[in-house]
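Student: Got a structure here, written out as structure tokens. Questions coming.
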Amino acid sequence: MSSLRERWKAREATLGAWCTIPSSWTAEVAARSGHDWVCIDTQHGLIGYDVMLPMLQAISAGGVPSFVRVPWNEPGAIMKALDAGAGGVIVPMVNSVDEARAAVGACRYPPDGMRSMGPIRARDVDGDWQHPICVVMIETVQAVAQARDILAVPGIDAVFVGPNDLAVSAGLESSYEGRHPEHRRLIEAIAEAAHASGVAAGIMCGSGKVARQWHDIGFVMLGMQSDTRLLAAASEDIVKSSRELLQR
């Protein structure tokens, strides 16, 4: 995972796949498709621990770094994902300095944190297993107001923006591109806080056009699209085009 840190430091765009389907095969396909990293979503994805493990193994086989978005900022879930061999965790809904410290503490061994020693798979598959990547999510108006203080917490490697939750928090229509000016302002404020604190900025994009938009202002951890949405969009497209052809 150290290579990701180096690429982010150089302001290089890295593209990520997002797995919500509980399948080691779809995870391996994502890892072999040219993405720079793959995230297993155990927060909103339909994925439990027993499926997460073979998905991590499949991503390892694909040769790219792995992340797990844990269900919540809870030490047990964070440590278990890291012990299973995730290269890093993405921790949702971090709204305060204390919550940021808790996320970091679960990722770091003493004296820097409180992580319990038991890297049962991590030790065998990741040469950098003692230093996993800690990504906190800022996705509320409350968190944006404290973004600089949150991201100044030692041990945070990156911040990831949840654009949909951020929009809902502000009472706005959600969009990946920040169509509403206030939504865009909030996203830009997070990027500025990340830059000031020396951490990488990430965001869910959904398309190459939106990824370019956010990379231009400093985002480097760019989530592209979830497997569920890709499958749905491709399925809808082939059915629609086929029906149009058959009705001619």
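Bear in mind these aren't lab numbers, they're just calculated from the coordinates by the rules spelled out. For clarity, every value in this text was computed on a predicted model and none was experimentally measured. Cβ atoms come from the backbone with ideal geometry, glycine included; neighbour counts cover every protein chain shown.
Student: Suppose each label sits 7 Å from its Cα in the direction of the beta carbon; what would the ILE217-HIS180 distance come out to in nanometres?
Tutor: 1.5
Student: For the ranges 5-14, 150-159, what's the packing order if you count other beta-carbon atoms within 10 Å of each residue, average per peptide, and put the highest first? Don't skip to the answer; put the middle values down first.
Tutor: Details: 5-14: 14.2, 150-159: 21.1.
With the highest mean Cβ count within 10 Å placed first, the list reads 150-159, 5-14.
Student: In the chain, which Cys residues have no partner Cys with a Cβ closer than 4.7 Å?
Tutor: Isolated Cys, the chain: CYS19, CYS39, CYS205.
Student: For Kirkwood radius over Cα pairs in Å, the listed values are (1) 21.5; (2) 19.2; (3) 18.2; which was obtained by calculation from the structure presented?
Tutor: This structure yields the entry labelled (3).
Student: Summing -39500 (n - 2.57) over the DSSP H runs of n ≥ 4 in the chain and dividing by its residue number, what mean residue ellipticity at 222 nm do you reach, to the nearest 500 deg cm²/dmol?
Tutor: Values: 12 runs with 116 residues, N = 248.
So the helix-based figure for the chain works out to -13500 deg cm²/dmol.
Student: What is the local net charge at ALA194, summed over the other residues whose Cβ is closer than 11 Å to its Cβ (Lys, Arg +1; Asp, Glu -1)? Don't skip to the end; give the middle numbers.
Tutor: On the way: positive: ARG148; negative: ASP157, GLU188, GLU192.
Taking every Cβ under 11 Å from that of ALA194, the sum is -2.
Student: Given an 8 Å cut-off on Cα distances and at least 6 residues of separation, report the relative contact order of the chain as a percent.
Tutor: Values: 509 pairs, mean separation 43.5, N = 248.
It comes to 18 percent, rounded to a whole number.
Student: Further question: Going by average Cβ density within 10 Å per residue, which order do the peptides 89-101, 188-200 take, highest to lowest?
Tutor: On the way: 89-101: 20.8, 188-200: 18.4.
Peptide ranking by packing, descending: 89-101, 188-200.
Student: Can you work out the Karplus-derived ³J(HN,Hα) for every residue in segment 115-124? Use 6.51 cos²θ - 1.76 cosθ + 1.60 with θ = phi - 60°, whole Hz, and x for glycine or proline.
Tutor: For segment 115-124, the Karplus curve yields 5, 7, 7, x, x, 4, 9, 4, 4, 8 Hz.
Student: Within 10 Å, count the other beta carbons around each residue, average over each peptide in 224-230, 162-168, 107-113, 62-68, and list them highest first. Walk me through the numbers on the way to the answer.
Tutor: Values: 224-230: 17.7, 162-168: 20.1, 107-113: 15.0, 62-68: 23.1.
Descending packing order for the listed peptides: 62-68, 162-168, 224-230, 107-113.
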